[in-house]
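Scroll down for the structure; my scribbles are underneath it.
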Amino acid sequence: MPRNWLIPVVLLIVAVALPFVVPTYYVQFISKALIMGILAMALNLAVGHGGMVSLCHAAFFGLAGYVLALLSPGYDPASLLLTLPVAVLASAAAALVIGALALRTRGVYFIMVTLAFGEMLFFLFHDTGIAGGSDGAYVNAKPELSIAGYQLLDLASPLVFYFVILAFLLGLIALLTMVVQSPFGHALAAARDNERRARSLGYPIFRIRLTAFVLSGAIAGIAGYFAAAQFGFVAPQMLGWHLSATVLVMVLIGGLRSVTGPLIGALVLIGLEEVLKASTDYWKLIEGLIVIFIVLAMPNGVRQLWPMIVGPAKDSDTKPATTAATEATHV
Amino acid sequence: MSDVALRANGLQKHFGGLKAVSDVSIDVHVGEIHAVIGPNGAGKSTLINLLSGELFVTAGAIKLGDTDITRLAPDRRARRGLGRAYQKTTIFPKFTVHENVRLAAQARSPKPLRMFGHVRNNADVHDRTAQAIGKAGLTPRTHIAAEQLSHGEQRQLEIAMVLATDPRIILLDEPLAGMGQSEARGIIDLIASLKNGRAVLIVEHDMDAVFELADRLTVMHDGHVIATGSPQEVRMHPAVRTAYLGDHGDAA
């Protein structure tokens, strides 16, 4: 179906061409938006696909950023190949501990437990002397990607940084698409839709959910690492529930049932902020109203706009049951 | 005698002071349909939940073949060959018939939680899915969302999912509940076919169906077993006649 390929290909061409035609400020701005998109897609693996509404993903995000700050030697760049795995492992480990405890609860209790653990990590960095306490800490030089002293990529260049983010983003879309369509992904969705039935079929629900939660936390760590690298600064707010909630809004705007929906949600929300900030002092109020409108008008996310414009998709996985029924009777 | 698929010994379940099940022992043999009957509140559903692992016993032991499963969680029991269909239909409503059954077949495949490769690419799982759908008589409805099926078809789907997990013993909790005469006919024939190479334990209120299907009967009353035996023996049992069957014993 050519139409299904057309949109992603056009978007990819735009994404590759864009940094060559817009000013540096916007290259950095889009990099930031894509990083938030990675975070939103990570969160959606837990929320949309796993049915685990987490309010502590900012903690996994911020933790990885702090790992970069703590491992950066003074004014010299840290090694990306060394610090990125350490940062991601730290986030994954935090997700493993928090998930193992929080997944003993369900529903609103799960939300509250993740919120509590997230805030614990926030106050760990806010109220102790680790990396500057509430003042935060600087990451003075962007991490460098070099093998045996030879520099492969110069991350200090906004253009290179942008393409590194874009590469990670594309890799993540491929990874998540694969996971969602794999036996594991279907088991995860089954556990979300009917936990009791999935268990009686023989699925170890706790293990499935914990695996998804840790994977989700680890990817949030990748986003946090690059966010810290880009801003050159980490602060406890990176771990706070405000950010967790904002990312949750991105997921809701983008739609829970798709891999790339949350990315679109992130771009919409961050783009909206940028436009509104420039035009009015009351931008938060306007932004809130627009978000409410989007969620009410498009409960399945802004991705719904596309079928509204061009007619329903013909993809077999998403076709409504009624058309499936009529097709089946003709077999 | 044929080999015992499931053996429960001296099961007890207390909810606080309430003894829902007290001292129940039951054997279910391969190639045999074993029906559990009794008035409402006799403890039949509690018994099924104890056997499937959704409730843990207060006392007693459960063996699946030679394995003691008394302390195993429901998913572990399922992977050892215990399949269960529910009283209230508990399929995955948004998934198609095929996807529902495939999930069941996948649960018993060697690597049910692989993260690589599309779920459609496993030929063995696909074959077992198609087979189970065929056995349950749902082949023409394969690609319809489960929520679009009629009540009777949803029960067929339940059974197809249990079949796809390739169980040694199947627990059926009131498979005929809320079903019309003609719908029930199809399900009864389907249940009768299940005992080939498997053991079946069924809890059911429809006495005509029970006496038609069952090779052996266990009658429960107030959490106790008051009689066990062939349908003939149970029908003649004086305690059963007074406690439960009433006029129906003559009619059946």
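The values are calculated or read from the model by the stated rules, or taken from the named source; none is laboratory data. It should be emphasised that the depicted structure is a prediction, and the values quoted were computed from it without experimental measurement. Note that each Cβ is placed from the backbone with ideal geometry, even for glycine, and that neighbours are counted across all protein chains shown.
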From the list A:V53, A:V16, A:V27, pick out the single residue that is within 16 Å of the chain's Cα centre (by Cα), in contact (Cβ under 8 Å) with a residue 40 or more places away in the chain and surrounded by fewer than 22 Cβ atoms within 10 Å (Cβ to Cβ).
-> A:V53
State the number of residues belonging to segment B:120-129 that are out of contact with any Ser or Thr (no Cβ under 6 Å at 6 or more places or on another chain) and touching a residue at least 12 places away in the same chain (Cβ under 8 Å).
-> 5
Within segment B:168-197, residues being within 14 Å of chain A (Cβ to nearest Cβ) and either within 20 Å of B:K44 (Cβ to Cβ) or part of a strand (DSSP E or B) (or both) number 5
Single residue of segment A:149-194 satisfying the filter (over 25 Å from the mean Cα position of the chain (by Cα) and surrounded by fewer than 17 Cβ atoms within 10 Å (Cβ to Cβ)) that is nearest to the other protein chains (Cβ to nearest Cβ) = A:L152
So which residues in segment A:200-252 are touching a helix residue (DSSP H, G or I) at 6+ places or on another chain (Cβ under 6 Å), within 14 Å of chain B (Cβ to nearest Cβ) and polar (S, T, N, Q), if there are any at all?
-> A:S200, A:S216
Within segment B:62-90, how many residues turn out to be within 7 Å of chain A (Cβ to nearest Cβ) and not in a helix (DSSP H, G or I)?
-> 2
Just checking, which of B:D75, B:D68 is buried (at least 16 other Cβ atoms within 10 Å of the Cβ), acidic (D, E), at pLDDT 90 or above and not assigned by TED's automatic domain parsing to the domain that holds B:I159?
-> B:D75
Unmet criterion (only one of (1) modelled with pLDDT of 95 or more; (2) of a type outside the set (K, R); (3) farther than 30 Å from B:E147 by Cα) for A:H242 | (1)
Which of the following residues is crowded, with 22+ Cβ neighbours inside 10 Å, at pLDDT 90 or above, within 15 Å of the chain's Cα centre (by Cα) and not aromatic (F, W, Y): B:I188, B:I169, B:I133?
-> B:I169
Could you tell me which numbered condition A:F206 fails, if it satisfies all but one of (1) surrounded by fewer than 18 Cβ atoms within 10 Å (Cβ to Cβ); (2) aromatic (F, W, Y); (3) not in a helix (DSSP H, G or I)?
-> (3)
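Condition check ((1) over 21 Å from B:N49 (Cα atoms); (2) outside the structural domain of B:V4 (by TED's automatic domain parsing); (3) out of contact with any Lys or Arg (no Cβ under 9 Å at 6 or more places or on another chain)) across all residues:
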| position | (1), (2), (3) |
| --- | --- |
| B:F116 | yes, yes, yes |
| B:N122 | yes, yes, no |
| B:P140 | yes, yes, yes |
| B:S150 | yes, yes, yes |
| B:G180 | yes, no, yes |
Does any residue in segment B:99-111 that is assigned by TED's automatic domain parsing to the domain that holds B:H143 and hydroxyl-bearing (S, T, Y) come within less than 8 Å, Cβ to Cβ, of a residue that is in a helix (DSSP H, G or I) and at pLDDT 90 or above six or more places away or on a different chain, and which pairs are these?
-> B:S109/A:P183; B:S109/B:V125
Count of residues meeting criterion [of a type in the set (G, A, S) and at pLDDT below 90] in segment B:147-166 | 2
Sole residue being surrounded by fewer than 22 Cβ atoms within 10 Å (Cβ to Cβ), part of a strand (DSSP E or B) and touching a residue at least 24 places away in the same chain (Cβ under 8 Å), chosen from B:V200, B:V225, B:V219 | B:V225
Any residue in segment B:27-53 that's on the phi > 0 side of the Ramachandran plot: show its pairings with residues that are assigned to a strand (DSSP E or B) and surrounded by fewer than 20 Cβ atoms within 10 Å (Cβ to Cβ) at Cβ separation under 6 Å, as long as the two are six or more apart or on different chains.
-> B:G38/B:H221
Filtering segment B:99-113 down to residues that are among the hydrophobic types (A, V, I, L, M, F, W, C) and more than 7 Å from chain A (Cβ to nearest Cβ), which residue is surrounded by the most Cβ atoms within 10 Å (Cβ to Cβ)?
-> B:V101
Output the number of the condition that B:Q148 fails; it satisfies all remaining conditions of (1) facing chain A (nearest Cβ under 7 Å); (2) surrounded by fewer than 13 Cβ atoms within 10 Å (Cβ to Cβ); (3) within 30 Å of B:A184 (Cβ to Cβ).
-> (2)
Only one of A:Y75, A:Y66 is within 27 Å of A:P143 (Cβ to Cβ) and modelled with pLDDT of 90 or more; which?
-> A:Y66
Positions within segment A:124-135 being in contact with a helix residue (DSSP H, G or I) (Cβ under 8 Å, 6 or more places away or on another chain) and at pLDDT 80 or above, in sequence order | A:L124, A:F125, A:H126, A:D127
Restricted to segment B:116-130, and to residues that are surrounded by fewer than 17 Cβ atoms within 10 Å (Cβ to Cβ) and within 10 Å of another protein chain (Cβ to nearest Cβ), which residue is nearest to the chain's Cα centre (by Cα)?
-> B:R120
